[in-house]
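What follows is a single structure, written as C-alpha coordinates, with notes after it.
The values are calculated or read from the model by the stated rules, or taken from the named source; none is laboratory data. On a predicted model such as this, the values are computed, not experimentally measured, just so you know. In this analysis, Cβ positions are derived from the backbone assuming ideal geometry, glycine residues included, and neighbour counts consider all displayed protein chains. When the accessible area is computed, the model is the full protein with side chains, heavy atoms only, and any ligands, DNA or RNA have been set aside. Shrake-Rupley method; radii C 1.70, N 1.55, O 1.52, S 1.80 Å.
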Amino acid sequence: MSTPVLSCENLEAGYGPFRALFGISFEVAEGTATALIGPNGAGKSTVARVASGLVAPSAGRVLVKGVDMSGKAPHEFAEAGIAHAPEGRAVFATLTVQENLELAFRETLGRKGVGAALDEAYEMFPRLKERRTQLAGTLSGGEQRILTLARVMILRPALLIADELSLGLAPMITTEVYRILERIKAAGCALLIVEQHMDYALALSDEVLLLRQGEVTFRGPPSELDRRSASLLSESLSESLSENPPQQEQSS
Ligand code: ATP
(Lines give C-alpha, C1' and ligand atoms only; values in the text may rest on other atoms or scores of the structure.)
Protein backbone atom coordinates (compact mmCIF):
# COMPACT_ATOMS: atom_id res chain seq x y z
CA MET A 1 0.00 0.00 0.00
CA SER A 2 1.35 3.46 -0.82
CA THR A 3 2.18 5.98 1.90
CA PRO A 4 -0.92 7.90 3.03
CA VAL A 5 -1.05 11.51 1.96
CA LEU A 6 -1.94 12.47 5.55
CA SER A 7 -1.33 10.56 8.77
CA CYS A 8 -2.45 11.93 12.11
CA GLU A 9 -0.98 10.06 15.08
CA ASN A 10 -2.40 10.42 18.60
CA LEU A 11 -3.09 14.12 18.18
CA GLU A 12 -3.81 16.22 21.22
CA ALA A 13 -4.42 19.93 20.82
CA GLY A 14 -6.17 22.81 22.50
CA TYR A 15 -6.42 26.51 22.99
CA GLY A 16 -4.54 27.76 26.08
CA PRO A 17 -5.52 25.52 28.97
CA PHE A 18 -8.54 24.13 27.06
CA ARG A 19 -8.03 20.70 25.47
CA ALA A 20 -10.04 20.16 22.31
CA LEU A 21 -8.52 16.90 20.98
CA PHE A 22 -7.73 13.74 22.93
CA GLY A 23 -5.59 11.28 20.95
CA ILE A 24 -6.94 11.50 17.39
CA SER A 25 -5.44 9.03 14.87
CA PHE A 26 -6.37 8.45 11.24
CA GLU A 27 -4.93 8.40 7.73
CA VAL A 28 -6.13 9.68 4.40
CA ALA A 29 -4.95 7.56 1.46
CA GLU A 30 -3.97 9.12 -1.85
CA GLY A 31 -6.98 10.20 -3.94
CA THR A 32 -9.56 9.15 -1.32
CA ALA A 33 -12.05 11.20 0.69
CA THR A 34 -12.50 11.14 4.45
CA ALA A 35 -15.47 12.82 6.11
CA LEU A 36 -15.01 14.29 9.57
CA ILE A 37 -18.44 14.61 11.10
CA GLY A 38 -19.78 15.40 14.53
CA PRO A 39 -21.81 17.96 16.46
CA ASN A 40 -20.78 21.56 17.26
CA GLY A 41 -17.63 21.78 19.33
CA ALA A 42 -16.60 18.14 18.70
CA GLY A 43 -13.17 19.30 17.48
CA LYS A 44 -13.58 18.91 13.69
CA SER A 45 -12.16 22.33 12.78
CA THR A 46 -9.34 21.85 15.27
CA VAL A 47 -8.33 18.63 13.49
CA ALA A 48 -8.46 20.57 10.18
CA ARG A 49 -6.25 23.32 11.64
CA VAL A 50 -3.72 20.85 13.05
CA ALA A 51 -3.63 18.96 9.73
CA SER A 52 -2.79 22.17 7.87
CA GLY A 53 -0.24 23.44 10.38
CA LEU A 54 -2.34 26.33 11.70
CA VAL A 55 -2.53 24.86 15.21
CA ALA A 56 0.47 22.97 16.65
CA PRO A 57 -0.47 19.76 18.45
CA SER A 58 0.55 19.52 22.13
CA ALA A 59 1.16 15.79 21.60
CA GLY A 60 1.20 13.41 18.65
CA ARG A 61 2.29 14.27 15.13
CA VAL A 62 1.17 14.90 11.57
CA LEU A 63 2.91 13.25 8.62
CA VAL A 64 2.40 14.42 5.06
CA LYS A 65 3.34 11.71 2.54
CA GLY A 66 5.38 10.09 5.29
CA VAL A 67 7.27 13.25 6.27
CA ASP A 68 7.01 14.33 9.91
CA MET A 69 5.68 17.91 9.93
CA SER A 70 6.37 18.61 13.61
CA GLY A 71 7.47 22.21 14.10
CA LYS A 72 6.69 23.19 10.48
CA ALA A 73 4.88 26.41 9.52
CA PRO A 74 1.56 26.47 7.58
CA HIS A 75 3.33 27.50 4.35
CA GLU A 76 5.50 24.39 4.64
CA PHE A 77 2.35 22.26 4.94
CA ALA A 78 1.09 24.01 1.79
CA GLU A 79 4.36 23.30 -0.03
CA ALA A 80 4.13 19.66 1.07
CA GLY A 81 0.73 19.41 -0.67
CA ILE A 82 -1.92 20.38 1.88
CA ALA A 83 -4.51 22.99 0.87
CA HIS A 84 -6.94 24.33 3.45
CA ALA A 85 -10.24 25.92 2.42
CA PRO A 86 -11.25 27.33 5.81
CA GLU A 87 -14.69 27.73 7.33
CA GLY A 88 -16.53 30.94 6.43
CA ARG A 89 -16.08 33.45 3.63
CA ALA A 90 -12.32 33.47 3.20
CA VAL A 91 -12.11 36.04 0.40
CA PHE A 92 -11.10 39.72 0.20
CA ALA A 93 -14.53 41.36 0.06
CA THR A 94 -13.40 44.71 -1.40
CA LEU A 95 -11.36 43.18 -4.23
CA THR A 96 -12.84 41.81 -7.45
CA VAL A 97 -12.95 38.09 -8.18
CA GLN A 98 -9.99 38.46 -10.54
CA GLU A 99 -7.98 40.49 -8.02
CA ASN A 100 -8.60 37.81 -5.38
CA LEU A 101 -7.31 35.14 -7.74
CA GLU A 102 -4.33 37.21 -8.92
CA LEU A 103 -3.29 37.89 -5.33
CA ALA A 104 -3.39 34.21 -4.37
CA PHE A 105 -1.65 33.09 -7.54
CA ARG A 106 1.09 35.76 -7.32
CA GLU A 107 1.82 34.72 -3.72
CA THR A 108 2.17 31.08 -4.62
CA LEU A 109 3.35 31.01 -8.25
CA GLY A 110 5.11 34.34 -8.67
CA ARG A 111 4.14 37.10 -11.11
CA LYS A 112 4.94 35.05 -14.23
CA GLY A 113 2.61 32.22 -13.30
CA VAL A 114 -0.50 34.39 -12.88
CA GLY A 115 -1.77 34.50 -16.49
CA ALA A 116 -1.77 30.73 -17.07
CA ALA A 117 -3.22 30.07 -13.62
CA LEU A 118 -6.08 32.50 -14.27
CA ASP A 119 -6.91 30.78 -17.59
CA GLU A 120 -6.92 27.43 -15.84
CA ALA A 121 -9.07 28.65 -12.94
CA TYR A 122 -11.63 30.17 -15.33
CA GLU A 123 -11.76 26.96 -17.31
CA MET A 124 -12.29 24.95 -14.15
CA PHE A 125 -14.79 27.41 -12.62
CA PRO A 126 -16.66 29.17 -15.49
CA ARG A 127 -18.96 30.93 -13.04
CA LEU A 128 -15.97 32.87 -11.71
CA LYS A 129 -15.11 34.00 -15.25
CA GLU A 130 -18.60 35.45 -15.61
CA ARG A 131 -18.16 37.30 -12.32
CA ARG A 132 -14.52 38.30 -12.70
CA THR A 133 -15.08 42.08 -12.38
CA GLN A 134 -17.52 41.76 -9.47
CA LEU A 135 -16.42 42.61 -5.91
CA ALA A 136 -15.97 39.33 -4.03
CA GLY A 137 -18.00 40.67 -1.09
CA THR A 138 -21.07 40.95 -3.33
CA LEU A 139 -20.93 37.30 -4.51
CA SER A 140 -23.42 34.82 -3.12
CA GLY A 141 -22.20 32.57 -0.31
CA GLY A 142 -21.84 29.64 -2.73
CA GLU A 143 -19.81 31.70 -5.21
CA GLN A 144 -17.53 32.83 -2.39
CA ARG A 145 -16.91 29.19 -1.48
CA ILE A 146 -16.12 28.43 -5.15
CA LEU A 147 -13.69 31.38 -5.19
CA THR A 148 -12.01 30.01 -2.05
CA LEU A 149 -11.62 26.62 -3.76
CA ALA A 150 -10.19 28.24 -6.91
CA ARG A 151 -7.63 30.13 -4.81
CA VAL A 152 -6.26 26.92 -3.29
CA MET A 153 -6.75 24.40 -6.12
CA ILE A 154 -4.22 25.99 -8.41
CA LEU A 155 -1.41 24.61 -6.24
CA ARG A 156 -2.52 21.13 -7.31
CA PRO A 157 -2.58 19.93 -3.71
CA ALA A 158 -2.34 16.26 -2.81
CA LEU A 159 -4.99 16.85 -0.14
CA LEU A 160 -7.71 19.47 0.13
CA ILE A 161 -9.12 20.14 3.58
CA ALA A 162 -12.61 21.55 3.09
CA ASP A 163 -13.98 22.98 6.33
CA GLU A 164 -17.78 23.38 6.48
CA LEU A 165 -18.16 24.37 2.84
CA SER A 166 -21.95 24.12 3.16
CA LEU A 167 -22.22 26.46 6.14
CA GLY A 168 -25.02 28.96 5.55
CA LEU A 169 -25.71 27.74 1.99
CA ALA A 170 -29.08 26.75 0.54
CA PRO A 171 -29.26 23.02 -0.40
CA MET A 172 -29.13 23.69 -4.17
CA ILE A 173 -25.91 25.66 -3.85
CA THR A 174 -24.43 23.08 -1.50
CA THR A 175 -25.12 20.45 -4.16
CA GLU A 176 -23.21 22.55 -6.69
CA VAL A 177 -20.25 23.06 -4.34
CA TYR A 178 -20.18 19.29 -3.69
CA ARG A 179 -20.21 18.60 -7.43
CA ILE A 180 -17.02 20.65 -7.61
CA LEU A 181 -15.51 18.59 -4.78
CA GLU A 182 -16.44 15.46 -6.70
CA ARG A 183 -14.54 16.75 -9.75
CA ILE A 184 -11.56 17.67 -7.58
CA LYS A 185 -11.52 14.12 -6.18
CA ALA A 186 -11.90 12.58 -9.64
CA ALA A 187 -8.80 14.53 -10.68
CA GLY A 188 -6.83 12.60 -8.03
CA CYS A 189 -6.84 15.02 -5.09
CA ALA A 190 -7.55 13.48 -1.68
CA LEU A 191 -10.17 15.20 0.48
CA LEU A 192 -10.67 15.73 4.19
CA ILE A 193 -14.21 17.03 4.44
CA VAL A 194 -15.32 18.66 7.68
CA GLU A 195 -19.08 18.83 7.57
CA GLN A 196 -22.18 19.10 9.70
CA HIS A 197 -24.46 18.18 6.77
CA MET A 198 -23.32 14.61 6.76
CA ASP A 199 -25.40 13.40 3.79
CA TYR A 200 -23.31 15.43 1.35
CA ALA A 201 -20.01 14.44 2.92
CA LEU A 202 -20.86 10.75 3.28
CA ALA A 203 -21.96 10.41 -0.35
CA LEU A 204 -18.47 11.44 -1.46
CA SER A 205 -16.38 9.72 1.19
CA ASP A 206 -14.53 6.42 1.38
CA GLU A 207 -14.13 6.66 5.13
CA VAL A 208 -15.91 8.51 7.89
CA LEU A 209 -14.68 9.64 11.29
CA LEU A 210 -17.28 10.54 13.88
CA LEU A 211 -15.91 12.92 16.47
CA ARG A 212 -17.41 13.63 19.87
CA GLN A 213 -15.84 15.85 22.48
CA GLY A 214 -12.41 15.58 20.93
CA GLU A 215 -12.38 11.80 20.49
CA VAL A 216 -13.06 9.50 17.55
CA THR A 217 -16.14 7.43 18.38
CA PHE A 218 -16.46 5.74 14.97
CA ARG A 219 -14.07 5.16 12.09
CA GLY A 220 -14.99 3.11 9.04
CA PRO A 221 -16.79 3.13 5.70
CA PRO A 222 -19.95 5.30 5.61
CA SER A 223 -22.07 2.17 5.04
CA GLU A 224 -21.03 0.90 8.47
CA LEU A 225 -21.80 4.08 10.35
CA ASP A 226 -23.88 2.64 13.09
CA ARG A 227 -27.54 3.67 12.79
CA ARG A 228 -27.70 4.71 16.40
CA SER A 229 -24.65 7.00 16.06
CA ALA A 230 -26.18 8.51 12.94
CA SER A 231 -29.52 9.21 14.57
CA LEU A 232 -27.92 10.66 17.72
CA LEU A 233 -25.81 12.85 15.48
CA SER A 234 -28.82 13.97 13.43
CA GLU A 235 -30.59 14.99 16.63
CA SER A 236 -27.70 17.12 17.83
CA LEU A 237 -27.28 18.58 14.35
CA SER A 238 -30.93 19.50 13.97
CA GLU A 239 -30.70 21.28 17.32
CA SER A 240 -27.69 23.26 16.14
CA LEU A 241 -29.31 23.89 12.73
CA SER A 242 -32.45 25.28 14.32
CA GLU A 243 -30.17 27.72 16.16
CA ASN A 244 -28.29 28.60 12.94
CA PRO A 245 -30.64 28.04 9.97
CA PRO A 246 -29.03 28.15 6.49
CA GLN A 247 -29.38 31.44 4.63
CA GLN A 248 -31.60 31.42 1.58
CA GLU A 249 -29.88 32.57 -1.53
CA GLN A 250 -30.39 32.70 -5.26
CA SER A 251 -28.76 30.09 -7.45
CA SER A 252 -27.68 32.51 -10.18
P1 ATP B 1 -18.13 23.63 14.90
O2 ATP B 1 -18.86 22.74 13.96
O3 ATP B 1 -19.03 24.35 15.84
O4 ATP B 1 -17.10 24.51 14.26
P5 ATP B 1 -16.06 21.79 15.61
O6 ATP B 1 -16.38 20.36 15.76
O7 ATP B 1 -15.37 22.23 14.38
O8 ATP B 1 -17.36 22.61 15.87
P9 ATP B 1 -13.90 23.10 16.98
O10 ATP B 1 -14.15 24.41 16.29
O11 ATP B 1 -12.72 22.32 16.59
O12 ATP B 1 -15.19 22.18 16.89
O13 ATP B 1 -13.86 23.38 18.54
C14 ATP B 1 -13.53 22.36 19.50
C15 ATP B 1 -13.51 23.03 20.87
O16 ATP B 1 -12.46 23.99 20.92
C17 ATP B 1 -14.81 23.75 21.18
O18 ATP B 1 -15.11 23.56 22.53
C19 ATP B 1 -14.46 25.21 20.93
O20 ATP B 1 -15.20 26.06 21.78
C21 ATP B 1 -12.97 25.28 21.24
N22 ATP B 1 -12.31 26.27 20.40
C23 ATP B 1 -12.30 26.30 19.05
N24 ATP B 1 -11.55 27.35 18.59
C25 ATP B 1 -11.10 28.00 19.69
C26 ATP B 1 -10.28 29.15 19.90
N27 ATP B 1 -9.78 29.84 18.88
N28 ATP B 1 -10.04 29.53 21.18
C29 ATP B 1 -10.54 28.82 22.23
N30 ATP B 1 -11.30 27.71 22.10
C31 ATP B 1 -11.59 27.30 20.85
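Points worth noting:
- Volume of the Cα convex hull of segment 75-183, divided per residue and given in Å³: 95
- Gain on full extension, evaluated as 0.36 nm per residue between LEU135 and ARG19 minus their Cα-Cα distance, stands at 37.8 nm.
- Charging the Cβ of each Asp and Glu at -1 and of each Lys and Arg at +1, and nothing else, the dipole of the chain about its Cα centre rounds to 480 debye.
- Label sites at HIS75 and ASP206, each approximated as a point 7 angstrom past Cα along Cα to Cβ, lie 3.2 nm apart.
- Put simply, the convex hull of the Cα atoms in the chain casts, on average, a shadow of 13.6 nm².
- Top positive-direction residue, dipole computed over segment 1-151 with Cβ charges, set ASN10, ILE37, GLN98: GLN98
- Note on the chain: dipole from Cβ charges, positive end direction compared against GLY110, PRO157, ALA56; the farthest Cα belongs to GLY110.
- Per residue solvent-accessible surface (Å²) - the chain, probe of 1.4 Å: 48
- Relative to the dominant Cα principal axis of the chain, helix 171-186 is inclined by about 90°.
- Degrees between helix 97-109 axis and first principal axis of the chain (Cα, 0 to 90, nearest 10): 70
- Amide H contacts for GLY23 (H built 1.01 Å from N in the peptide plane; partners 5 or more residues away or on another chain; cut-off under 5 Å): LEU11, GLU12, ALA13.
- Close Lys pairs in the chain, defined as Cα atoms under 25 Å apart and 8 or more places apart or on different chains, number 6.
- Degrees separating the helix 114-124 axis from the principal Cα axis of the chain, which is the longest one: 70
- Fraction of accessible area attributable to carbon and sulfur, the chain (%, probe 1.4 Å): 51
- When SER58, SER140, SER2 are compared by accessible area at a 1.4 angstrom probe, the order from most to least is SER58, SER2, SER140.
- Relative frequency of Cα-Cα separations exceeding 15 Å in segment 174-214, percent: 40
- Using the Cβ of THR96 as centre and a radius below 13 Å, the other residues enclosed give a net charge of -1, where K and R count +1 and D and E count -1.
- The peptide list 141-153, 162-174, 70-82, put in order of mean Cβ contacts within 10 Å with the highest first, becomes 141-153, 162-174, 70-82.
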